[in-house]
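Please read the structure below before turning to the comments.
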Amino acid sequence: MFEQKTYSDNRDIQYNTVIKQLEALIKDEPDVTANLANASALLNQFLDDINWVGFYLWKDTELVLGPFQGLPACIRIPSGKGVCGTAYANKQTMLVPDVNQFPGHIVCDANSQSEIVIPLIINNKVYGVLDIDSPNLNRFDKVDKKYLEKFVRVIEQNMLETVIS
C-alpha cells in the first residue's frame, strides 16, 4: 500500500527516498506500462511546481505518448523534433530553462515554461523518454538532473529484465 508522503528533508534525501519508493513499486512487476504509470504518478506527487510528467515510448518511427500525469498531451513526436525528440536523437538528457528559447519547441501545454527530458536507454538503444514540464522558468537544475537520471536508471534496469526475458 502506498501512502502520500510529505518530502521535507534536504533534496538529496528527498530524491533518494523517492528512488527507493520507485524500486519498491516496480520490484518484481514485469509490466512496463504499469511501472511507467506508477513512476509518473510517483513523480507527480513528489515534484513541486510541475504541470506534466510522463513517458513517450519509441514505436516504429516516432515517440508515442505513454503513461503520464497532467493535461492531454501531444501524441506523436518525431526523432530530433522538440525537446523530447532531441533527447531521443542525441541519447542525452535535455535540461531546458526556457522552452520558448528552444529552437523547434513543440507546444503541448502553453503554460509550460521549462522542461527536463531523460532518455530511457537499454543496451545502447533508446526505448523512450521521461518528460517533465513546469510552468516556471528555470524550474530544473543539476540536482534534478542527477537524481532524475538515477530514477530513470531504476526503470531501465527493470525494463532490461523484461527485454531480455
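Quick one: net charge around N158, please, counting Lys, Arg +1 and Asp, Glu -1 for every other residue with C-beta under 12 Å from its C-beta.
On the way: positive: K27, R153; negative: E23, D28, E29, D31, E156, E161.
Value of the local net charge: -4.
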Original post:
Could you give the alpha-carbon Rg of the range 5-99 over 2.2 N^0.38 Å, rounded to two decimals?
Top reply: 1.18
**OP:** Any chance you could list the semi-axes, whole Å, largest first, of the equivalent ellipsoid that the Cα gyration tensor gives for the range 59-119, using √(5λ)?
**Re:** 17, 15, 10
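Return one whole number: the accessible area per residue of the chain in Å², for a 1.4 Å probe.
Averaged over the residues of the chain, the accessible area is 52 Å².
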Original post:
Of K27/K59; K27/K81; K20/K81; K81/K146, which ones are farther than 27 Å apart at the Cα?
Top reply: K27/K81; K20/K81
Original post:
In terms of solvent-accessible area of protein heavy atoms at a 1.4 angstrom probe, what is the ranking of R11, R76, highest value first?
Top reply: R76, R11
**OP:** Using amide H atoms built 1.01 Å from N in the peptide plane, name the residues 5+ places from G128, or on other chains, whose amide H lies under 5 Å from its own.
**Re:** W58, L120
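Computing the accessible area with a 1.4 Å probe over protein heavy atoms, can you report the carbon and sulfur percentage for the range 73-143? The partial results should precede the final answer.
Values: 1610 of 3300 Å².
Percent of accessible area from carbon and sulfur atoms in the range 73-143: 49.
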Subject >> the chain: most fluctuating residue of D131, D28, D60 per GNM, C-alpha cutoff 10 Å >> reply: D60
**OP:** Please give the calculated 222 nm ellipticity per residue for the chain, where each DSSP H segment of at least 4 residues contributes -39500 (n - 2.57) and the sum is spread over every residue; nearest 500 deg cm²/dmol?
**Re:** -12500 deg cm²/dmol
Original post:
List the cysteines of the chain that have no other Cys Cβ closer than 4.7 Å: which are they?
Top reply: C84
Subject >> In Å², nearest 10: area of D109 left accessible to a 1.4 Å probe >> reply: 20 Å²
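The values are calculated or read from the model by the stated rules, or taken from the named source; none is laboratory data. Since we're looking at a predicted model, the values are computed, not measured. Here the Cβ is made from the backbone with ideal geometry for all residues, glycine too, and neighbour counts use every protein chain on show. For accessibility, only protein heavy atoms count, side chains too; no ligands or nucleic acids. Shrake-Rupley method; radii C 1.70, N 1.55, O 1.52, S 1.80 Å.
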